[in-house]
Amino acid sequence: MDVHASSPAGSPAAWSVLVRARDARLQGETVTLVLGGRLVLGRSKACGWSLKRTLPYLQADEAGRQRLRSDPAFAAVSRRHCRIAYLAPDMLEVENLSRNGTWVDGLRVERLLVTDLRARPHTLQLGPEGPLLEAVAVPGA
């Protein structure tokens, strides 16, 4: 997890990005990204946001984990699916790392700079049937 020194609430460094699951199956999984931070999302436990470290996966018995792994939404997510970087208060870079594709606000992307992050939340989808996530900038990191 990236850590950043505190700064006055109005300064750009005081912002952070919440990456949170919009998919009910992931029960509100959330990661906070500070300015300058990077995060890899995927299926691998080595990722900063991993399907294999979500509560539903961790709380399931082996049969339940097998059912989750065979779900099309889980199977659509690659081990290292995409990377996001919080570059500036309004700027988030999304880079696809998967053959299954990454979507931002409904558009398939290879690399995209979101430049209005503080103005509105943005939807990320990992794979064509993968989970929906939301990236939203929040003040007061």
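Here are some notes:
- The listed residues are Leu87, Leu112, Leu107, Leu97, and the only one of them that is out of contact with any Ser or Thr (no Cβ under 9 Å at 6 or more places or on another chain), hydrophobic (A, V, I, L, M, F, W, C) and in contact (Cβ under 8 Å) with a residue 12 or more places away in the chain turns out to be Leu87.
- Among the strands (runs of 3 or more DSSP E) confined to the stretch 1-73, the ones with at least 2 residues that are at pLDDT below 95 are located at 16-21, 30-34.
- Some residue of the stretch 107-123 being charged (D, E, K, R), on the phi > 0 side of the Ramachandran plot and either open to solvent by less than 20 Å² (accessible area, probe 1.4 Å) or part of a loop (DSSP other than H, G, I, E, B) (or both): no
- Candidate set: the stretch 93-129, residues that are touching a Pro at 6+ places or on another chain (Cβ under 7 Å) and among the charged types (D, E, K, R); chosen: the one modelled with the lowest pLDDT: Glu129
- Annotation note: of Gly101, Gly130, Gly106, the sole residue that is in contact with a helix residue (DSSP H, G or I) (Cβ under 9 Å, 6 or more places away or on another chain) and over 16 Å from Gly37 (Cα atoms) is Gly130.
- Residue count, the stretch 74-106 (criterion: under 14 Å from Pro131 (Cα atoms), open to solvent by less than 30 Å² (accessible area, probe 1.4 Å), in a strand (DSSP E or B) and hydrophobic (A, V, I, L, M, F, W, C)): 2
- Subset of the stretch 40-73 that is under 14 Å from the mean Cα position of the chain (by Cα), closer than 14 Å to Leu126 by Cα and not aliphatic (A, V, I, L, M) - its residue that is most open to solvent (accessible area, probe 1.4 Å): Arg43
The values are calculated or read from the model by the stated rules, or taken from the named source; none is laboratory data. This is a predicted model, so every value here is computed, not measured. Every residue, glycine as well, gets a Cβ built from its backbone with ideal geometry; the counts of neighbours run over all protein chains shown. We work out accessible area using only protein heavy atoms, side chains counted, and drop any ligands, DNA or RNA first. Shrake-Rupley method; radii C 1.70, N 1.55, O 1.52, S 1.80 Å.
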